[in-house]
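Read through the structure below, which is laid out as structure tokens, and then see the notes.
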């Protein structure tokens, strides 16, 4: 008994040490693979950043990330290279994106509150029909929408890009908010109704303050989707003064004339800054909104 106990302790210690060493090796290998994958994913972005500081003649002559000479010509030619300076396009994109965020948050949160908290005829049917629109490609409704907006005289303005957001057309965000609202205890609604609160007051005083994470998540994604959207502005905006950033970037590349590659890369880097800053400041709420959606708390 006295000799077996020390041997058992030694064997157990060796097994434990072996497991710890194996876990460390696996952790190191996993981190190396993740770092390698991150470098591969970031290489195009880093190359574009490097190309924005290179002279025009050296952009495609090397794959190195370190430019042989630093030049700010790309930023000056990109900002003032068109008939209008690039601040006009940034302002247009900010106006459209902010208006879409406000409309999406207001309309989708109201719709989600109705589906999650209110009782009305055909609620399950309308909710299923709303989810079915997720499988409807945008190209299917493109022509009817264009004809409608053309007859309303909205083409070549921001209205076709903004007004639909105020009609709760994004089923994904409605579903996201419905799942979050369902996780909020109904006892809060019942207590508020006993105190004489109407559904509107419950929505404004209880649901909205508790829904900051999911509202932030929906707002950030709406801003990113709108800021990066190229197809809808291409269809509805025809005048250069109404162009968004994505359309303005397209004008730097012309198959019939000389392309301004340095200006294109420089303005592309600047166009990424709003999204980067937005994610940097709201990443905690964004992750919290995604992590808690659909979970009972």
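The values are calculated or read from the model by the stated rules, or taken from the named source; none is laboratory data. This is a predicted model, so every value here is computed, not measured. Here the Cβ is made from the backbone with ideal geometry for all residues, glycine too, and neighbour counts use every protein chain on show.
Here is how the numbers come out for the structure above:
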quantity: Members of region 103-125 found to be surrounded by 19 or more Cβ atoms within 10 Å (Cβ to Cβ) and farther than 17 Å from residue 202 by Cβ, listed by number; calculated: 103, 104, 105, 107, 108
quantity: Region 133-143: number of residues that are loosely packed, with under 13 Cβ neighbours inside 10 Å and free of Cβ contacts under 8 Å to residues at least 24 places away in the same chain; calculated: 6
quantity: Test result for residue 202, within 24 Å of residue 157 (Cα to Cα) and either assigned to a loop (DSSP other than H, G, I, E, B) or at pLDDT 85 or above (or both); calculated: no
quantity: Residue satisfying condition, being in contact with a helix residue (DSSP H, G or I) (Cβ under 6 Å, 6 or more places away or on another chain), in the same structural domain as residue 133 (by TED's automatic domain parsing) and not in a helix (DSSP H, G or I), within set 169, 178, 155; calculated: 155
quantity: Any chance residue 214 is in a loop (DSSP other than H, G, I, E, B), in contact with a helix residue (DSSP H, G or I) (Cβ under 6 Å, 6 or more places away or on another chain) and over 30 Å from residue 75 (Cα atoms); calculated: no
quantity: Which numbered condition residue 77 fails, given (1) in a helix (DSSP H, G or I); (2) at pLDDT below 85; (3) more than 30 Å from residue 277 (Cβ to Cβ); calculated: (3)
quantity: Subset tally (residues that are within 23 Å of residue 39 (Cβ to Cβ) and out of contact with any helix residue (DSSP H, G or I) (no Cβ under 9 Å at 6 or more places or on another chain)) for region 52-61; calculated: 1
quantity: Conditions (1) in a helix (DSSP H, G or I); (2) over 21 Å from the mean Cα position of the chain (by Cα); number of the one not met by residue 185; calculated: (1)
quantity: Residue within region 131-142 that is at pLDDT 90 or above and under 19 Å from the mean Cα position of the chain (by Cα) present; calculated: no
quantity: Residue list for region 222-240, filter: in a helix (DSSP H, G or I) and at pLDDT below 90; calculated: 240
quantity: Residue in region 93-109 that is in a loop (DSSP other than H, G, I, E, B), within 19 Å of residue 167 (Cβ to Cβ) and assigned by TED's automatic domain parsing to the domain that holds residue 172 present; calculated: no
